[in-house]
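The next block holds one structure in the form of structure tokens; read it before the comments.
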4 protein chains.
Amino acid sequence: MNTFGNLFRLTTFGESHGPAVGGVIDGCPAGVAIDDGFVSSELARRRSGDGHPSSDITARCEPDRVEWLSGLLGGKTLGTPIAFQLANADCRPDDYEALRGCCRPGHADYTWDAKYGIRDHRGGGRASGRETAARVVAGAVAKQLLAAEGVSVRAEASGHTVSCLLCGVPAGLGEPVFDRFNARLAYAMLSIPSAMAFAMGDTPQAFALSREAFPDQWREGGSGPALTLTNHCGGIQGGISNGMDICFHVGFHAPSTRPDGMVCRNGDGTLRAVAPGGRHDRDHLSRLPVVVEAMAALTAIDFLLAAFPTVSRRP
Amino acid sequence: MNTFGNLFRLTTFGESHGPAVGGVIDGCPAGVAIDDGFVSSELARRRSGDGHPSSDITARCEPDRVEWLSGLLGGKTLGTPIAFQLANADCRPDDYEALRGCCRPGHADYTWDAKYGIRDHRGGGRASGRETAARVVAGAVAKQLLAAEGVSVRAEASGHTVSCLLCGVPAGLGEPVFDRFNARLAYAMLSIPSAMAFAMGDTPQAFALSREAFPDQWREGGSGPALTLTNHCGGIQGGISNGMDICFHVGFHAPSTRPDGMVCRNGDGTLRAVAPGGRHDRDHLSRLPVVVEAMAALTAIDFLLAAFPTVSRRP
Amino acid sequence: MNTFGNLFRLTTFGESHGPAVGGVIDGCPAGVAIDDGFVSSELARRRSGDGHPSSDITARCEPDRVEWLSGLLGGKTLGTPIAFQLANADCRPDDYEALRGCCRPGHADYTWDAKYGIRDHRGGGRASGRETAARVVAGAVAKQLLAAEGVSVRAEASGHTVSCLLCGVPAGLGEPVFDRFNARLAYAMLSIPSAMAFAMGDTPQAFALSREAFPDQWREGGSGPALTLTNHCGGIQGGISNGMDICFHVGFHAPSTRPDGMVCRNGDGTLRAVAPGGRHDRDHLSRLPVVVEAMAALTAIDFLLAAFPTVSRRP
Amino acid sequence: MNTFGNLFRLTTFGESHGPAVGGVIDGCPAGVAIDDGFVSSELARRRSGDGHPSSDITARCEPDRVEWLSGLLGGKTLGTPIAFQLANADCRPDDYEALRGCCRPGHADYTWDAKYGIRDHRGGGRASGRETAARVVAGAVAKQLLAAEGVSVRAEASGHTVSCLLCGVPAGLGEPVFDRFNARLAYAMLSIPSAMAFAMGDTPQAFALSREAFPDQWREGGSGPALTLTNHCGGIQGGISNGMDICFHVGFHAPSTRPDGMVCRNGDGTLRAVAPGGRHDRDHLSRLPVVVEAMAALTAIDFLLAAFPTVSRRP
């Protein structure tokens, strides 16, 4: 339930104000050199928000230094589980006392109470966006494997939408019925906190596409890989990659915590106004592209390893 | 890969013009009475298109009588695998000779060739929409379990969009990190042939929602289930159901086979015009609501059984 | 739960006296020619008992003709699910009326009642050994893939024990911690009805091996595959195949149904003597080697495909 | 691959001489109080060998203090992943220099080389018995859940055999075809380093049981749980628990590292004698009962949660 992937599997753990967040990557091929600096730079993108003007307003400023617990020897993967943790250095749990015992609107407080009957109220506990830091670490590892195969991942934010492009994915990846490449991408993206919508194709307006847009027509050419004149389908046909760029879009809702406070629900059904303590994103959109990229990379490496399990051991 | 679900698992099989399509349902609780008539009526909805004016133009008219192979005794489930088949009575494979060896635009022909190196070219083979008949059978079984728990599923089509409503889902279902209720719905929906987009909430315009729409505010009330004034989030918070109606939307692209023919790609990269033989949907949208409902029901029963495994054996 | 395997997955279905038993093989590579005659000969071994003198006493004499429902075109696999059924032609459910409502000793009657609250009492229902026919069909398919890779499987019965030898498995297959090759073999073997014990190595006396037997010592040699002087470990070290023959043993208990009748337990805890109607194996041991081989083949092909997923598509 | 269990899932990580060994428990119910002292006492049993006279000869003497990284608040489980680590305080990797580049007999060195092409040679790396410390921690958590349901687990060693008894398991747990309770026990036990054999029943001599021992006959009695006069089957019928004690036996081979040295294989096939540095168990049997108990507890809690998912939240 806290695991993503079939062959390249990430299990994440950690509460926002517990000792640490982290993860275990199981199924990473052996013999891959991991660039620690790249992992750090990806974490920095998540923390500060990818160069976006609003990125300086994110209040929590942890160093986010990844500590590897296993699976590496001399900087190379052993093929064994790669466990890592990020210490929660900047914890101020007292800031959240006002939230104990009540449920914020637009948050997972009420649903966690309904499911578990117990909840870490400090900074959202495990429901905090901080859990995505573990995804970014694993995504950074996956990207290094993908890069060695000529596959790149890049996402950008505009409005409430993050658009993502996977270039270099060979044709033939994905499963045709349930475990389609696009279905797995949708699953991956909707697992990101505050994600609301997903659309394949070269436009986020999939719901409004005209009948004439389909199908993409073949480009006349030699016996090489097949190409189409347009890419409205987004690089996947019948659940399987067709060799074109894979492009999709993810819609997010606005942050549920507002600077001017909120009206929370007490256990007895009465409401009360709460001025939020703690730190909360005013604009989380700028932090999201690197998370979208991470989940896209985890999805892609899983399908790539299914087709070419020794991918990283090519001489 | 051809299996959907964790506890209530459907494995489908069959090519459009092979001996049969069908499936195996594993994990259905024991002692549940199955209403054969309801299963047939659901299959009729898929076949004819749910009362839609265009439904009479669907050319393939098989009786679609489900034959149960196992798992039932005296009309009740045994808790063992429920296998079923639908014979492919109305097979005219010769109609598809013109398509042998070439790839249609907007279809899975090219991607299947890339993945498998072999393909049943007759009527799309396994990539045919006919595979969804097996989903509808399993969905009909799931709906009967859900109905006994007070959960209903209903979808409707308009434009290129199918909108679906799950009513009566109790709060607390779903997993908070990866296996979110909304993520699993997205995965289920994008596994339907020609699905392009998915959006949670009471409007398909999730990509265009204003910042002011969020969060849904609490309704003041007693100690009963919590309610919100609006339902823009679509009944799921942090991946877990909140007790409100679950509503979402699925966008589909238009059928790729056009009545006026198409330009196909030969193996050597040259193109050729083909007048489609065989039978193809001119308007498949009207057939889709019952498929969307089936996948929604399979998703919901899986989460319900995870929380209440003996759900159907309550006295 | 009714599925075996990770990549080459068999789902079986069917009750002994329902319409059919059968299965779905998912994950079989595309383009493999299936020898129908070999499948039939394997079924004949299971039915009659592998040439054993006692094999003629098995009362149920169904033709066991496999009917393929999907996944094959012109005798070759398509890469799609291979569904098959064996009709239960020789059904005499009335023979079992005396057993309705009571639990036989040494059978799964009581435990099925405890688990499901409903049970098909006719000939053991799904708990019947007839379910293993579906395993034999899938095992025959797996053996054909293994043979193409130079791997053979052969089991023999003596006393209450079946001994099995897998020859030609390359070194490096298996997972080192939980999903060990030997652990998966043990799991596979204990899933066979009436299996009681499992032992790796070149003798079934693993419980009584002397300290001096271990470890197997290296044979001095060139740079080719490593060999050992003895094979007490049975070809697996640390959960991973070492390139030597894989050998193991399975212990079975005697058939629980005796020709002289049995004392059954009624629902109220009283006992009653029952003269068994229906057909029952007097000596089922002779039927077991082909089942052991099937489960060994399913285990081996799964590990082989994990290492070499395109195994069958080599030119 | 490094994960055990379906609902109560343990993922272990760590190399013997890396920074830490540890694990992540996913699926533990919320609201369970964890007794840290009990976890420590179980680790002490594994470390020192359960009161066995030979236990003082185990050379490695780490404190084995478990550090919880997530999933607990005020000593109670949150329902979120419980991550923990055991620092590898007592590392002396230089002791193992003589083993670099050669393969010991009876160890996993050669098979890991064949599988991964890279290996941590220090103290066996991940193939070290130290990995079982993580299993013992998770087993201790599982035992606390089981105890609350009246289920106890106890194993004892004699000869090369560990015998284990699960008392209090209710009837009806397990899956009847592949995922049998006994099959999962066999899988769990054969995943323990140096395990060679598994036998169900009240004697390890399952391979030599006489025909007359079966079946266990019913005890005449009231309408309460059914009892049998003997328990040769070991508490499981047709893969499902019958309410009697579950008893089984595990056979282990002797430690492969001998105090008088060994003959290792170099990469070029030549042999060389090596005097083992580092620390190695002279008698590991005394350390094994607590590991057998842990794997039995993990197996049992998984089946218990499948039947009663809210088991720990009963008032």
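The figures follow:
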read-out: Filtered residues of segment B:153-211 (kept if among the hydrophobic types (A, V, I, L, M, F, W, C) and assigned to a helix (DSSP H, G or I)); value: B:Phe181, B:Ala183, B:Leu185, B:Ala186, B:Ala188, B:Met189, B:Leu190, B:Ala206, B:Phe207, B:Ala208
read-out: Lone qualifier among C:Ala254, C:Ala186 - being at pLDDT 95 or above, at the interface with another protein chain (Cβ under 8 Å from one of its Cβ atoms), under 30 Å from D:Phe214 (Cα atoms) and open to solvent by less than 10 Å² (accessible area, probe 1.4 Å); value: C:Ala186
read-out: Selected residue [of a type in the set (Asp, Glu) and closer than 30 Å to D:Gly106 by Cα] from D:Asp216, D:Asp202, D:Asp260; value: D:Asp260
read-out: Residue match in segment A:289-303 (condition: open to solvent by 10 Å² or more (accessible area, probe 1.4 Å) and within 26 Å of B:Gly117 (Cα to Cα)); value: yes
read-out: When residues of segment D:86-98 are limited to those that are assigned to a loop (DSSP other than H, G, I, E, B) and open to solvent by less than 60 Å² (accessible area, probe 1.4 Å), the one modelled with the highest pLDDT; value: D:Asn88
read-out: Criterion (part of a strand (DSSP E or B) and more than 9 Å from chain D (Cβ to nearest Cβ)) met by exactly one of C:Ala273, C:Ala296; value: C:Ala273
read-out: C:Gly101 vs. criteria open to solvent by less than 40 Å² (accessible area, probe 1.4 Å) and of a type outside the set (A, V, I, L, M); value: no
read-out: Test: residue in segment C:44-60 that is more than 14 Å from every other protein chain (Cβ to nearest Cβ), assigned to a loop (DSSP other than H, G, I, E, B), surrounded by fewer than 20 Cβ atoms within 10 Å (Cβ to Cβ) and modelled with pLDDT of 90 or more; value: no
read-out: Residue in segment C:263-281 that is in contact with a Pro (Cβ under 8 Å, 6 or more places away or on another chain), buried (at least 20 other Cβ atoms within 10 Å of the Cβ) and at pLDDT 85 or above present; value: yes
read-out: Number of positions in segment A:212-238 that are touching an Asp or Glu at 6+ places or on another chain (Cβ under 6 Å) and in a loop (DSSP other than H, G, I, E, B); value: 6
read-out: Meets criteria (of a type in the set (S, T, N, Q) and under 30 Å from B:Ser128 (Cα atoms)) for B:Thr257; value: yes
read-out: Any chance D:Ser158 is on the phi > 0 side of the Ramachandran plot, at pLDDT below 95, open to solvent by 10 Å² or more (accessible area, probe 1.4 Å) and more than 8 Å from every other protein chain (Cβ to nearest Cβ); value: no
read-out: So D:Phe181, is it under 21 Å from C:Ser191 (Cα atoms), more than 8 Å from chain C (Cβ to nearest Cβ), crowded, with 24+ Cβ neighbours inside 10 Å and touching a Leu at 6+ places or on another chain (Cβ under 7 Å); value: yes
read-out: Pairs, first charged (D, E, K, R) in segment C:168-180, second in a loop (DSSP other than H, G, I, E, B), C-beta under 6 Å, six or more apart; value: C:Glu175/D:Met1; C:Asp179/D:Met1; C:Arg180/C:Gly174; C:Arg180/C:Gly239; C:Arg180/D:Ser191
read-out: Residues (at the interface with chain D (Cβ under 9 Å from one of its Cβ atoms) and either crowded, with 21+ Cβ neighbours inside 10 Å or small (Gly, Ala, Ser) (or both)) located in segment A:8-24; value: A:Arg9, A:Thr11, A:Thr12, A:Phe13, A:Gly14, A:Glu15, A:Gly18, A:Ala20, A:Val21, A:Gly22, A:Gly23, A:Val24
read-out: Where B:His107 falls short, out of the listed (1) assigned to a loop (DSSP other than H, G, I, E, B); (2) over 19 Å from the mean Cα position of the chain (by Cα); value: (2)
read-out: Residue satisfying condition, being more than 7 Å from chain D (Cβ to nearest Cβ), touching a strand residue (DSSP E or B) at 6+ places or on another chain (Cβ under 6 Å) and modelled with pLDDT under 95, within set C:Asp245, C:Asp202; value: C:Asp202
read-out: Residue tally, condition assigned to a loop (DSSP other than H, G, I, E, B), open to solvent by less than 10 Å² (accessible area, probe 1.4 Å) and of a type in the set (A, V, I, L, M), over segment C:63-83; value: 2
read-out: Residue under evaluation D:Ile236, criteria (1) within 7 Å of chain C (Cβ to nearest Cβ); (2) farther than 22 Å from C:Phe178 by Cα; (3) buried (at least 24 other Cβ atoms within 10 Å of the Cβ), criterion not met; value: (1)
read-out: Residue match in segment A:161-168 (condition: within 12 Å of chain B (Cβ to nearest Cβ) and at pLDDT below 90); value: no
read-out: Among the candidates C:Pro81, C:Pro105, residue that is in contact (Cβ under 8 Å) with a residue 12 or more places away in the chain, closer than 19 Å to C:Val32 by Cβ and touching a strand residue (DSSP E or B) at 6+ places or on another chain (Cβ under 6 Å); value: C:Pro81
read-out: Count of segment D:104-129 residues which are open to solvent by less than 20 Å² (accessible area, probe 1.4 Å), farther than 17 Å from D:Gly14 by Cβ and touching a Ser or Thr at 6+ places or on another chain (Cβ under 9 Å); value: 4
read-out: Which listed residue is in contact with a strand residue (DSSP E or B) (Cβ under 7 Å, 6 or more places away or on another chain) and farther than 13 Å from C:Ala294 by Cα, from C:Ala33, C:Ala44; value: C:Ala33
read-out: Some residue of segment A:217-236 being under 21 Å from B:Gly267 (Cβ atoms) and acidic (Asp, Glu); value: yes
read-out: From D:Glu220, D:Glu149, D:Glu212, residue being open to solvent by 10 Å² or more (accessible area, probe 1.4 Å), more than 7 Å from every other protein chain (Cβ to nearest Cβ) and farther than 30 Å from D:Ala30 by Cα; value: D:Glu212
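The values are calculated or read from the model by the stated rules, or taken from the named source; none is laboratory data. Remember, it's a predicted structure, so these values are computed and weren't measured experimentally. Neighbour counts are summed over all protein chains in view; Cβ atoms, including those assigned to glycine, are modelled from backbone coordinates with ideal geometry. Ligands, DNA and RNA are stripped out before the accessible areas are found, and what is left, the full protein with its side chains, is counted by its heavy atoms. Shrake-Rupley method; radii C 1.70, N 1.55, O 1.52, S 1.80 Å.
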